[in-house]
Every structure is written in structure tokens, then in C-alpha cells.
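Structure first, then comments.
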Amino acid sequence: MEVKLTDRQQHILWATVRHYIATAEPVGSKSLVDEFNLGVSSATIRNIMGVLEKAGLLFQPHTSAGRVPSDSGYRIYVDRLITPSEILGKKVEQALENRLKWEDWTLEALLHGAAQILATLSGCITLITMPQSTTVKLRHLQLVQVEVGRIMLIVVTDGYETHSALLDLPPKPEDIAPDVEVIDRELQIVSNFLNSELRGRSLLELSTLDWSQLDREFQRYGEFLKTSMAELSKRTFTPAATQIMIRGVSEVLRQPEFSEIQQVQTIIQLLEEEQEKLWQLICSEPQTKSADKPRVTVRIGSENPLEPIRCCTLISSTYHRGSIPVGSVGVLGPTRLDYESAIAVVAAAADYLSEALS
């Protein structure tokens, strides 16, 4: 449900988030009056902060304390109230161009160097995945009904490796019992379509397939199969955990948000021992893309599916070889993050790596 705010309420929310990011201290109305030219009294600011708290955008950590942004408050701040820093984006690109030697270094050394530069500029933990191989091609694909409501997706690569997954069939819009023979025929038609479109293509190109070419009666298979095949590809061809470059851990863990030893330990364990989970998260495609927004995904606090980083913000983007996504670059830090800078850093790094690899 979208929260509707007046211009003044948005301005107070913006100022509150900015002040909290800078100080890590709960924000009171007097602090905003002293720091920002808001053009309203301290009493008016207190009232507006109370409205924002009732809307779930701010909260008080203690009864007598000022207010701090919630995950929802940060979300509105990121989506509506800021623009990524173009100046920092250009600074990142310049730093990468000046300090990395594409002609002389190995790819692994280059990505290690890029990760260190990004960690220094962003003040966050930087994560860069090694590029996936684009040489694995699809030789054959088949959809087979194994029981009512369940099908098996079978993929054969050009190296004659076979991979399969059991999937729950999406229901038809009509509230009728499924006809086994009809579903068998539909699955064969969809299999033929997929083979004609995908044979000889990289598994990484699954996301580029135009599913709208399927006839209307087969459209229900489109998004379902696109998601299922992408997950199968990701699960089957996930690189080894050692292929995530990680830099900047010690600096971030000195932030006041990470004062509890147990919390730090769970994050370190995720970074060191559970990188496959982390890889799958940062390599997932952004939920929305548009021409006027950076190709960046921002997951704030509780939006992160991994428990150890639900106190953190993860900002990530894919980098490409040509039009094919082959890896990801991301930064991980506290939710009290300089979002304008961090988003700009990730977007600029992804664009630079894409250009260099292409």
C-alpha cells in the first residue's frame, strides 16, 4: 500500500533521514530546525514527525528519545526523495580507469582491485562475483507431466549434461478439473516453442526470450517457466563460493549498528561460509527496470531474505558481456547508509565492468 505524503511531510522525512545517516543519533525537532532551513517551527516539525511515526516511517527507540527512520521510511527516501550522485559516479569510473590495468592483469586480479576501490569509496562491504561462463548452450528441452498438477523440466546442454527440476503446474484461470491429455499436448507445444527459440543459445539468455510469441492459450506457462528455468540455470551453474570478491569488512563492522558480537558473527559466517546463498541473492535480476532509473536493486533491512543481513542494506547490479548478464557487483552496509553515494557507486561500477568485458 502506497503511503501518500504532502510535500512538507516528504521534506521533513528527507531531513530526518539525512540527519540520522550523518549522526547515528535519534533525531529531534530542534536538531532539524538548527541544521535545515525548513521554514517551519519546531512544534510544526514535531507534529509532522508524529504523523510520519503513525505511518510507520519513523519510530522512537526510547520514549524520551528522538526518532529514527524505519525500513519503510528508508524505502520512501530511496524511491522518491533522492537522486544518485552523478559526481561520485564519475569519480568511481575515473578511479577504476586510472588504477586498473586491463591489458596486464588477470581477470581475478582486476576484480579484486575493483572491489577494493569500491570498498574505499563507498565505506561498505563490497561484493563482486566472477563472470559466469557463457559457453554452456542448450541442446534440448522437454516438459513432461509426471502427475496431475506437476511437471518435470528436463534440460540437456551441448555437453550432453542433463539437469531436471520438478515444478508445480500453474492452474488454469477456469475453475475446471485438469485434462491430462490436453496438458500433455500443451506441454509438447510449449516444449517445441522453447526448443526452436533456445536451441544453441546460452542458458544465460533465458531472460531475453520473448514469451509473448506464445499463443494466448499458452501464456499461463510464460512467466512460470521463465522464472523456473532461470532458477534451474542459477542453481545448476552457480560458481564456487570462492568466486565472490569481498572487501571492506573491517571498516563496516566498526559502525555502531554492529556493536553486538553475535550479530557480527552471523554476518561473518554468511560472508565466509554461506556464499552460495549470498551469490544467489546478489545475482538475481532487479524487480523493476526503466530507462530513467539506474539498473540497481536496493534491498533495505527486512526486505533481505537472508536473516543475518536483515539489519543491513544490500545494493546490487548486474554487469554484462554484450547483452548477457554475467556477474554482479554490490555493496552491503547498515541501513543508515549514504544511499545517494552507494547507489551511484554500484551503478558506475557495473557500467564500467560491462564496458570493459565487452
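The values are calculated or read from the model by the stated rules, or taken from the named source; none is laboratory data. Every value quoted in this text rests on a predicted model; they were computed, and no experiment measured them. Backbone-built Cβ (ideal geometry, glycine too); neighbour counts: all protein chains shown.
Some notes on this structure:
- The lone exception for Val68 - which of (1) part of a helix (DSSP H, G or I); (2) surrounded by 14 or more Cβ atoms within 10 Å (Cβ to Cβ); (3) under 25 Å from the mean Cα position of the chain (by Cα) it fails: (1)
- The lone exception for Leu153 - which of (1) of a type in the set (A, V, I, L, M); (2) in contact with a helix residue (DSSP H, G or I) (Cβ under 8 Å, 6 or more places away or on another chain); (3) assigned by TED's automatic domain parsing to the domain that holds Pro334 it fails: (3)
- Of the criteria (1) surrounded by fewer than 21 Cβ atoms within 10 Å (Cβ to Cβ); (2) touching a His at 6+ places or on another chain (Cβ under 7 Å); (3) not basic (Lys, Arg), which one Ser354 fails: (1)
- The stretch 236-254 residues that are assigned by TED's automatic domain parsing to the domain that holds Trp279 and modelled with pLDDT of 75 or more, paired with ones that are assigned to a strand (DSSP E or B) and among the acidic types (Asp, Glu) (beta carbon under 8 Å, 6 or more apart): none
- Condition broken by Glu307, with the remaining ones in (1) under 18 Å from Arg80 (Cα atoms); (2) surrounded by fewer than 23 Cβ atoms within 10 Å (Cβ to Cβ) satisfied: (1)
- The lone exception for Thr83 - which of (1) touching an Asp or Glu at 6+ places or on another chain (Cβ under 8 Å); (2) under 20 Å from His11 (Cβ atoms); (3) assigned to a helix (DSSP H, G or I) it fails: (3)
- Tally, over the stretch 115-141, of residues that are modelled with pLDDT of 80 or more, in contact with a helix residue (DSSP H, G or I) (Cβ under 7 Å, 6 or more places away or on another chain) and over 16 Å from Gly330 (Cβ atoms): 3
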